Every structure is written in C-alpha cells, then in structure tokens.
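Shown next, in structure tokens, is the structure this report addresses.
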Amino acid sequence: MTRDKSPFTPLKDVIKNLFSNGTLPIDPEDGRLWEVWDEVMGPAISRHARPSWIKKGNLRVTVSDPIWLQELQFMESEMRERLNRRLGREAVHRIEFRVGNL
C-alpha cells in the first residue's frame, strides 16, 4: 500500500531548515549567556540583575530596582566585555537595563 504525500512538511525538516539557512531572529549560541551569567557577573549582580532576552547583539537585563539600574548603567561596558570574553565572541553589542520582577 502506498501512502499519499502529505501537504505538510515534517517538523524535523522545518527545524533543520531554520537552523541551516540563517533565518532565525536569534543566534542559538546566545543561549549560553544564561548559562554563564552568574559566574561572569558574580553573586552581588546576579541577585539583582538577570538577562531577559538578546536579539541581534542587544541584551536586555531586568534589574531589581532603580538604584541597581543606575549602578549597572555605569558598568555596562565592563559587563559587555566580560560576557563577550567568556562567550568567546562578540555576542553582546549593547546592554539595555529595565527595572522589573526578577
């Protein structure tokens, strides 16, 4: 018995295509940022700031309160350099801080 060809593309082919043709709006390697955050930033910053998302090198970080927001804005360049060094590439071009729930 022969099966009719389905008009649907198998999910595995869709995923394979997304990762191979560069059409994803994110770089899958950017996910490592969440893995290294605590280590790179240390316990003081990690208690008060967490990465929310990253897209095209722009990282959004949620901070616990306005005081930490101001402090981290002064440290943005250093934070960016430390993250990029740990990730081994220029993953973060800019960090944007927002007060919110961690």
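For region 55-99, trypsin sites (Lys or Arg not before Pro) meeting the loop criterion (DSSP other than H, G, I, E, B) and having at most 14 other Cβ atoms within 10 Å: Lys56, Arg89.
Computed over the Cα atoms of region 25-99, what is the convex hull's projected area averaged over all directions, in nm²? Display every interim value, and only then the final one.
Numbers: hull surface 17.2 nm².
In nm², the orientation-averaged hull projection of region 25-99 is 4.3.
In this structure, the amide hydrogen of Val61, modeled 1.01 Å from its nitrogen in the peptide plane, lies closer than 5 angstrom to those of Ser52, Glu96, Phe97, Arg98, counting only residues at least 5 positions away or on a different chain.
Rounded to the nearest 20 debye, what is the charge dipole size of region 34-100 about its Cα centre when +1 sits on each Lys and Arg Cβ and -1 on each Asp and Glu Cβ?
On the way: 12 positive and 10 negative charges, 60 e Å.
Dipole about the Cα centre, nearest 20: 300 debye.
In sequence order, region 49-57 has phi-based couplings of 8, 9, x, 9, 7, 9, 8, 6, x Hz under the Karplus curve 6.51 cos²θ - 1.76 cosθ + 1.60, θ = phi - 60°, and Gly or Pro positions carry x. Under 5 Å between amide hydrogens, built in the peptide plane, is the criterion, and for Asp27 it picks out Lys56 among residues at least 5 positions away or on other chains. Across region 80-90, rounded Karplus estimates of 3J(HN,Hα) from the backbone phi angles (6.51 cos²θ - 1.76 cosθ + 1.60, θ = phi - 60°) give 4, 4, 5, 5, 5, 4, 5, 7, x, 6, 7 Hz, Gly and Pro being marked x.
No value in this document is a laboratory result; all are computed from the given coordinates. Model, not experiment: these values are computed from the prediction. So basically every Cβ, Gly included, is an ideal-geometry build from the backbone, and we count neighbours across all protein chains shown.
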